[in-house]
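Q: Please read through the structure below; I'll follow up with questions.
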Amino acid sequence: MDESPGWDAIDGALRPLYGDASPLHLGTVLKWSLGGPDPLDGISAYPRTEPVPHWHFVSYGMTELYEKESENPDESGWGFEFTFRVARDPAEATPPMWAPNLLQNLGRYVFKSGNWFEPGHHMNANGPLNADRDDSQIRAVTFVADPELGEISTPHGRVLFLQVVGLAEDEYEALRQWKADELMKVLAPHMPLFVTDIDRSSLMARPDVARAVEEGSARDGSSGGMLYVPKVEWERAAGSTTLRLGAYQAPHIAESLRGRLPFGRELILQSDDARITFYPGDAYAVEEPLEGVLDVHVPLTALDDLTAVLRPVAGSSAVPSLPGLTVEIVPTVIKDRYGNETDQVVG
């Protein structure tokens with residue numbers, strides 16, 4: 001009897017690309033299920049020369065590698081395994097260890113939070129992806145279906161090979177203001193197989209890329225309908241509502257509101273235990289349909305006033321055209337890519 005059918009299915013998907021070539025495999029000594037710190041049982045790294053020299057990392061551990069444990073027969077585990085393509089020097093014989101460390105950190109986030117990733121999702125790393133490279137512009141990630149591996153069926157359900165792609169900060173902001181899939185189409189000619197090169201400059205410096213983003217975001221608005229933020233609170237009294245949000249996230253919320261509400265789309269701010277949804281509306285209204293849920297209906301004529309108070313500066317501001325609504329901005333302590341608090345405070 002096959003003791004690791006999920007693992008074997010991943011190997012089978014890699015065989016058409018790499019044949020019998022043996023990757024450099026990084027195994028986990030103490031598994032997560034046994035109390036270890038790393039959720040991925042292993043990560044394989046294949047050296048590539050085409051279409052550009054890079055390392056192709058593939059994870060083992062986000063899916064059910066051994067036995068079927070979940071109740072969903074159609075999906076194996078979380079439904080995806082990470083891949084990551086990182087630029088390499090053709091003479092490089094061993095892969096950079098920051099890359100598998102990043103994959104373990106992403107897996108740890110999923111296992112701890114219960115929030116999974118899908119194509120088009122994105123996150124700010126709050127620092128360079130390679131922590132030893134302070135000069136690197138690549139400080140955020142998005143996710144795409146691996147262009148060579150795609151999705152497979154396994155004995156435990158389907159598995160998508162979900163590729164991590166590094167972005168410069170202004171590319172990340174462009175993605176937030178537009179649509180992730182459309183931006184990646186624009187970047188694709190300049191990023192073969194979406195290889196992450198931490199030494200590259202931002203592609204937003206290219207006039208053709210900047211023009212496509214400007215035209216696309218003006219035409220389509222933003223597809224980012226949900227922002228995960230650490231601070232989402234409110235207080236309500238007779239005729240008044242105070243929203244409490246973090247300083248670091250405030251300008252990002254303002255940008256997302258401008259990319260959603262004018263196009264007839266809502267914006268959800270989600271924290272671990274609360275949710276605020278902003279809806280475009282004909283009239284201002286605030287509703288609390290469930291505990292931990294607040295709905296705010298915003299006329300488009302009030303959007304400029306609302307976004308104007310969403311600044312990265314601590315303090316309280318009334319929104320003139322939304323009677324009774326106050327936005328309180330509180331300082332935000334920045335965390336690094338490991339989830340540890342830094343000495344940087346915004347606000």
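Q: Determine whether SER222 is at negative phi and part of a loop (DSSP other than H, G, I, E, B).
A: Yes: the conditions hold for SER222.
Q: Assess whether GLU81 counts as being among the acidic types (Asp, Glu), at pLDDT 90 or above and crowded, with 22+ Cβ neighbours inside 10 Å.
A: Against the criterion (among the acidic types (Asp, Glu), at pLDDT 90 or above and crowded, with 22+ Cβ neighbours inside 10 Å), GLU81 qualifies.
Yes or no, residue by residue, for (1) over 13 Å from the mean Cα position of the chain (by Cα); (2) in a loop (DSSP other than H, G, I, E, B):
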site: LEU106; (1), (2): no, no
site: GLY127; (1), (2): yes, yes
site: ASP132; (1), (2): yes, yes
site: ARG139; (1), (2): no, no
site: PHE143; (1), (2): no, no
site: LEU162; (1), (2): no, no
site: GLY166; (1), (2): no, no
site: GLU182; (1), (2): yes, no
site: LYS185; (1), (2): yes, no
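Q: Assuming GLY324 fulfils every condition listed in (1) buried (at least 17 other Cβ atoms within 10 Å of the Cβ); (2) over 21 Å from GLU255 (Cβ atoms) apart from one, which condition is it?
A: Against the list (1) buried (at least 17 other Cβ atoms within 10 Å of the Cβ); (2) over 21 Å from GLU255 (Cβ atoms), GLY324 comes up short only on (1).
Q: Continuing with this model, one more query. VAL86: touching a residue at least 12 places away in the same chain (Cβ under 8 Å) and either surrounded by fewer than 21 Cβ atoms within 10 Å (Cβ to Cβ) or part of a loop (DSSP other than H, G, I, E, B) (or both), yes or no?
A: Taking the combined requirement at face value, the residue does not satisfy it.
Q: Would you please name the residue that is surrounded by the most Cβ atoms within 10 Å (Cβ to Cβ), looking only at residues in the stretch 225-235 that are without any contact (Cβ under 8 Å) to a residue 60 or more places away in the chain, part of a strand (DSSP E or B) and under 20 Å from the mean Cα position of the chain (by Cα)?
A: VAL232
Q: What residue, of ALA318, ALA283, ALA238, ALA314, is surrounded by fewer than 17 Cβ atoms within 10 Å (Cβ to Cβ) and at pLDDT below 90?
A: Matching residue, one of ALA318, ALA283, ALA238, ALA314: ALA238.
Q: A follow-up question, please. Across the stretch 167-194, which residue is surrounded by the most Cβ atoms within 10 Å (Cβ to Cβ) among those that are more than 30 Å from LEU261 (Cβ to Cβ) and free of Cβ contacts under 8 Å to residues at least 60 places away in the same chain?
A: MET191
The values are calculated or read from the model by the stated rules, or taken from the named source; none is laboratory data. The structure presented is a predicted model; accordingly, all values stated were derived computationally and were not measured. For neighbour counting, all protein chains shown are included, and Cβ atoms are generated from backbone atoms with ideal geometry for every residue, glycine included.
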